[in-house]
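If you scroll down you'll find the structure; I have some questions about it.
Throughout, read-outs are computed from the coordinates displayed, never taken from laboratory work. Computed from a prediction, not measured in an experiment: that's the story for all the values here. As a convention, Cβ positions derive from the backbone with ideal geometry for all residues, glycine included, and neighbour counts pool all protein chains shown.
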Amino acid sequence: MDLLANLGLGLATATEPVNLLFCFAGVLLGTLIGVLPGIGPTATIAMLLPITFGFEPATSLIMLAGIYYGAQYGGSTTAILINLPGESSSAVTAIDGYQMARQGRAGPALATAALGSFFAGTVATVLIAVFAPPLTAVALKFGPAEYFSLLMLGLVASVALAHGSVLKALGMIVTGLLLGLVGSDVNTGAQRFTMGFPELADGLNFVAVAIGVFGIAEILRNLENETDRDVMVKKVTNLFPSKADFKAMAWPVVRGTAVGSILGILPGGGAILSSFAAYTVEKRISKTPHRFGKGAIEGVAAPEAANNAGAQTSFIPMLTLGIPANPVMALMIGAMIIQGVQPGPNVAIEKPELFWGVIVSMWIGNLMLVLLNLPLIGLWVRLLTIPYTVLFPAILTFCCIGVYTVNSNAFDLFTVSAFGLLGYVLVKLDCEPAPLLLGFVLGPMLEENLRRAMTISRGDPMVFFTRPLSAGLLIAAALVLVVVFLPAVRAKREEVFQEEG
Amino acid sequence: MRRTSVRTFVVAAFATAFVIGPAAAADYPARPITMVVPFSAGGPTDTVTRLVAEAMGKDLGQQIVVENVGGAGGTLGAGRVAKADPDGYTLLLHHIGMATSATLYRKLPYDTLNAFDYVGLVTDVPMTLVARADFEPTDLKSLIEYAKANKDKVTYANAGVGAASHLCGMLFMSKIETVLTTVPYKGTGPAMTDLLGGQVDMMCDQTTNTTNQIKGGKIKAYATTTKQRVASLPDVPTAEEAGLPGFEVGIWHGIYAPKGTSPEVLAKLTASLQTALKDPNVIKRFADLGTAPSSEAEATPDGLKAKLSSEIDRWAPVIKAAGVYAD
Amino acid sequence: MKVDTREIACGAIFIAIAAAFAIAALDLPMGSALRMGPGYFPMALALILAALGLIIVIKGLGRAPSPIGGVPWRGLLFILLAPLVFGLTVRGLGLAPSMALVAAIATLASARAGMKLAAAMTLGLTLFCVLVFSYGLGLPYALFGPWSAPFLPGV
């Protein structure tokens, strides 16, 4: 069978000593830098890109891929330990992961993230190997109308992200959508809400907004009752998940993997949705949804699995079409071109050893990630016992540098302060930042695809209903809406939230 | 006594890290040079920059560090360099956008023609007019007929206001005197995805992005926007051969320095650029991108200056006629 | 009548954000539902946000007040100041002095931090960052910028 021969070829490439070495180096460097707060995978790869220029193409790509998942895992670590997501996908992990850390369960949270990611990575690697070409064909069926409908479904379902008032969560989502629209209008080039700052022409910087509303706000909240406690976590119970934890995380990991694998394939932002979607699914089907937002292990397991599966399957459009699904993939394509490899449909035919070598090394990289990180958990958890007066200035300094490296732009730092203030005020008023960030990411996508679909259909709104995929997604969105606002369900929901208050 | 030793220590410590004060042209470059790319890392311009920066750095004996200053169609990065010290340690690598933003932006923070000194042209990346694989017209002539007959049906994708694909489309439409429905995207990546998926009919993009798709049969090419055929796409006719003379667009790249850079430093940089453009690795990588290094005559301050001013004059009327501005 | 100030403030903030976007969107071409201009989508969102804010305010009118808790004014001032200072000085002073400033300001945000801790943190963090970011990762930023030049011993 072709597949086995291909995998064999890939295994031969991936297990060459030099490739193994640089795969490990990539994973290690990625983890170490990704763990620094404020520095996510994109910044890490951009910084480390020049190191790989001197290598063979396969070695270079294997190392970059290693840096990618290392940095992604490192980003989840900071999300869990100090509530600071380095990129949109780990914003969801922060919700329950940070609560677990505050309850002294940082160890199990980190282990869950590592094991969930590994499982998801394994499944996604197999998916890529077996289904890459047919999956690409499916992904291409997604036109603007389908994207719009998918985003509507995502928005309707995202109410589940709230673990307080639904109204406030909706308000935060809409605020996020509005903030996402700041910048040049794609259709006309008109400047919107930029207040005359050319720095805003490309929109607000995601990293700056995320650090503001999550990181700065959290530091301020911790400074409120500084006198009560010096150390973030007084007692760390156990480092590894208990039997009950394993039972609780198993299915969420499987479901998260499924959700992430599917959404990751969609070029143009599907992967961003995956962790949000996985969290939503878990909270919806949970018998005890009120635990979410208060340290539910499912709330860490599912989005982390989804996030990693999506990260992996987002290689599919990159490897088969040469199309970047996210900024990290854009960097990888740049690296390939510099290495003399033209990304596109011909890579698998012209350079099979590179194509399959990279795919196999994904799995090896994931394995290394687990082996590397399980022993490190003890070390990361100890970070939490550092006195807060020492910890937070370090966090803040790293954040400043991290934000600055994205665009070398002072304006982005002013954004951090402004959103830090806004985030703190909103947190004081009981509004959670995660829905705002989701809206921020989705806002431009939603509007662009709506207007694009209308342009292509020449102003015929029926396009959303006559295309079967789009219609199916909209029906699903309507169903979710009915379920959310059905009197019986609603009464139960209110009851759940009353308990909280 | 003690003060002196502390002072010596401090001097020694700092001296190892950097050198302060105006470096004499004779020992230029005495420290790493920063080359600003006004776009984010990973894009085609970033790739060109990194290739050239590495080769030039080797020649100059100092590393050239690439700094990505993205935003506002490249005008933020260009503005940054325009205001930088003209000491030869901050350079700019910009593409055709340097010329078009002079018209696309009605208020620029710098004067395009007078804020920079010129090092030289680097390369001119050709563009291709492409369509989805199952689009009816078979050649450029039938495409033009088809577009005129179905102007309400044909959709043209571009990568946003001011992008090369947008300029190319404006030029095409003005050449065939037909306005097609334009579908803007944020960058060529998503636009290409929708072209591959058959969601839009046609677009114009640089060979960097299209060559492999054309060779793989995923999209069809009608013409290249060059005077001569592109080496990597020998079967694709030029626009002139295919019956549309004057439909020429190239994404040319040039290296600039802030105004006031000393002539000696500029001469060193130009010489280094010329050497870099003869580097076999650079030539090979450029060929992979479907382009070739600029000639020795073009890779000079005069070559770049002439190109910039002629391109400003060429695009201003096209942009003004379309009435599209980016601010 | 019972009034929950927290809910009212929350609704009011949403309404204020909505109003700011709506007013700015007025300058943009609206278009129609079938041919949307750049102002259409933001205006629609602003109206939805204003409606949500209004409902939150109304719901807050009949509820018992909930405590907001104290505000760490000193922390607020210093923490928000640190990124601003970094942004304003990183190009002029250079990476190293700018990081030192941020580290010092950030440490002082804590009511429990003394001068001694601030000095130690500044030194330690700056050294760490210079090693990791400048030497380790080779970030393309000058360690010392033009503003620092007069304070440095000439070579």
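Using a ≥ b ≥ c from the Cα gyration tensor of the stretch B:229-327 (square roots of the eigenvalues), is it rounded, prolate or oblate, where a/c under 1.5 gives rounded and otherwise the larger of a/b and b/c decides, a/b for prolate?
oblate
Helix-only estimate, please: 222 nm mean residue ellipticity of chain A, summing -39500 (n - 2.57) across DSSP H runs of length 4 or more and dividing by its residues, to the nearest 500.
So the helix-based figure for chain A works out to -24500 deg cm²/dmol.
Please express the Cα-Cα pair-distance distribution P(r) of chain A as a list of whole percents, one per 20 Å bin, running from 0 to the bin with the greatest distance.
Calculated over all Cα pairs of chain A, the distribution is 24, 59, 17, 0 percent.
Restricting to lysine pairs 8 or more places apart or on different chains, what number in chain A have Cα atoms under 23 Å apart?
18
Then there is this: Ignoring everything except DSSP H segments at least 4 long, calculate the 222 nm mean residue ellipticity for chain C; use -39,500 (n - 2.57) per segment, divide by total residues, nearest 500.
-20500 deg cm²/dmol
What is the gain in length, in nm to one decimal, between A:ALA478 and A:PHE197 on full extension, counting 0.36 nm per residue of separation less the C-alpha to C-alpha distance?
Extra length from A:ALA478 to A:PHE197 when fully extended: 97.2 nm.
Work out the mean other chain Cβ neighbour count within 10 Å for the residues of C:44-57 and drop it here as an integer.
4
What GluC sites (Glu not before Pro) does the stretch B:232-292 have in DSSP loop regions with at most 15 other beta carbons within 10 Å?
B:GLU241
List the residues whose amide H sits under 5 Å from the amide H of B:TRP252, counting only those 5 or more places along or on another chain, with H placed 1.01 Å from N in the peptide plane.
B:ILE96, B:VAL125
Another question, if that's okay. Taking R0 as 45 Å, what's the FRET efficiency between B:SER142 and C:LEU26 from their Cβ-Cβ distance, rounded to 0.05?
The formula returns an efficiency of 0.45 here.
Give me, ordered by chain and number, the residues 5 or more places off B:GLY120 or on other chains with an amide H under 5 Å from its own placed amide H.
The answer is B:ILE255.
Follow-up question, since we're still on this one. What is the ratio of the Cα radius of gyration of the stretch A:120-200 to 2.2 N^0.38 Å, with N the residue count, to two decimals?
Compactness ratio reported: 1.58.
Additional query: Over the stretch B:36-97, consider all pairs of different Cα atoms and compute the Kirkwood hydrodynamic radius from their mean reciprocal separation; express it in Å, one decimal.
11.8 Å
Measure off 7 Å from each Cα along the Cα-to-Cβ vector at B:ASP313 and A:THR288, then give the distance between these two points in nanometres to one decimal.
7.8 nm
Bin width 5 Å, alpha-carbon pairs only: give the P(r) of the stretch C:5-61 as whole percents, running from 0 to the bin holding the largest distance.
5, 23, 24, 17, 14, 9, 6, 3, 0
Say each of C:ILE55 and C:VAL132 gets a label point 7 Å from the Cα, pointing the same way as Cα to Cβ; how far apart are those two points in nm?
4.4 nm
Separate question: Per 0.36 nm of contour for each residue apart, how much would the distance between B:ASN150 and B:ALA321 grow if the chain were fully extended, relative to their Cα-Cα spacing?
Contour length minus Cα-Cα distance gives 59.3 nm.
Name the long-range amide H neighbours of B:ASN68: under 5 Å, sequence gap of 5 or more, or other chain; modelled H, no Pro or chain starts.
HN-HN under 5 Å from B:ASN68: B:VAL37.
Working from Cα positions, state the angle (0 to 90°, nearest 10) between the long axis of helix B:301-322 and the longest principal axis of chain B.
The two axes meet at around 40 degrees.
Find the Rg to Rh ratio for chain C, where Rh is the Kirkwood radius over alpha-carbon pairs and Rg uses the same atoms.
1.20
Determine the shielding of peptide C:102-113 by partner chains: average, over its residues, the number of Cβ atoms on other chains within 10 angstrom of each Cβ.
Per residue, the number of nearby Cβ atoms from other chains is 6 on average.
Regarding chain B, what is the average projected area of its C-alpha convex hull, in nm²?
18.4 nm²
Which whole-Hz ³J(HN,Hα) couplings does the stretch B:255-267 yield from phi under the Karplus relation 6.51 cos²θ - 1.76 cosθ + 1.60, θ = phi - 60°, glycine and proline marked x?
10, 10, 10, x, 4, x, 5, 5, x, 4, 5, 4, 4
Moving on. What is the calculated FRET efficiency for A:ASN225 to C:PHE151, with r their C-beta to C-beta distance and R₀ = 45 Å, to the nearest 0.05?
0.65
Sticking with this structure for a sec: Put a dot 7 Å past each Cα toward the Cβ at C:ARG63 and B:ARG106; how far apart are the dots in nm?
Rounded to a tenth, the inter-label distance reads 4.7 nm.
With θ set to phi - 60° and the Karplus curve 6.51 cos²θ - 1.76 cosθ + 1.60, what are the ³J(HN,Hα) couplings of the stretch A:299-307 in order, to the nearest whole Hz, using x for Gly and Pro?
For the stretch A:299-307, the Karplus curve yields x, 9, 4, 5, x, 5, 5, 4, 4 Hz.
I've got another one for you. Pulled fully out, how much extra length does the chain show between A:VAL425 and A:LEU11, if you take 0.36 nm times their separation in residues and subtract their Cα-Cα distance?
The A:VAL425-A:LEU11 span can extend by a further 143.7 nm.
For the stretch B:141-234, which trypsin sites (Lys or Arg not before Pro) are both in a DSSP coil and crowded by at most 14 other Cβ atoms within 10 Å?
When the trypsin sites (Lys or Arg not before Pro) of the stretch B:141-234 are filtered for loop state and at most 14 Cβ neighbours within 10 Å, B:LYS151, B:LYS153, B:LYS227 remain.
From the phi angles alone, apply the Karplus equation (6.51, -1.76, 1.60; θ = phi - 60°) to the stretch A:117-125 and give each ³J(HN,Hα) in whole Hz, x where the residue is Gly or Pro.
4, 5, 4, 4, x, 5, 4, 5, 4
Can I ask one more? Across peptide A:196-208, how many C-beta atoms of other chains are within 10 Å of each residue C-beta, on average?
3
Need the list of aspartates and glutamates near B:LYS141 for cross-linking: C-alpha distance under 15 angstrom, and skip anything on the same chain fewer than eight residues off.
B:GLU177, B:GLU240, B:GLU241
Might you list the cysteines of the protein assembly as shown that have no disulfide-compatible partner by the rule of another cysteine's Cβ under 4.7 Å?
A:CYS23, A:CYS399, A:CYS400, A:CYS431, C:CYS10, C:CYS129
Once the cut-off is 14 Å, how many percent of the Cα-Cα pairs in the stretch C:73-150 end up in the long-distance tail?
Value for the stretch C:73-150: 62 percent of Cα pairs lie more than 14 Å apart.
Given axes a ≥ b ≥ c from the Cα gyration tensor, I'd like to know whether the stretch B:126-224 is rounded (a/c under 1.5), prolate (a/b larger than b/c) or oblate.
It comes out rounded by the Cα gyration axes.
Another question about this same structure. What translational D, rounded to a whole number of µm²/s, comes out for the protein assembly as shown from Stokes-Einstein when the hydrodynamic radius is the Kirkwood one over Cα pairs, at 37 °C and 0.692 mPa s?
Rounded to a whole number, D works out at 113 µm²/s.
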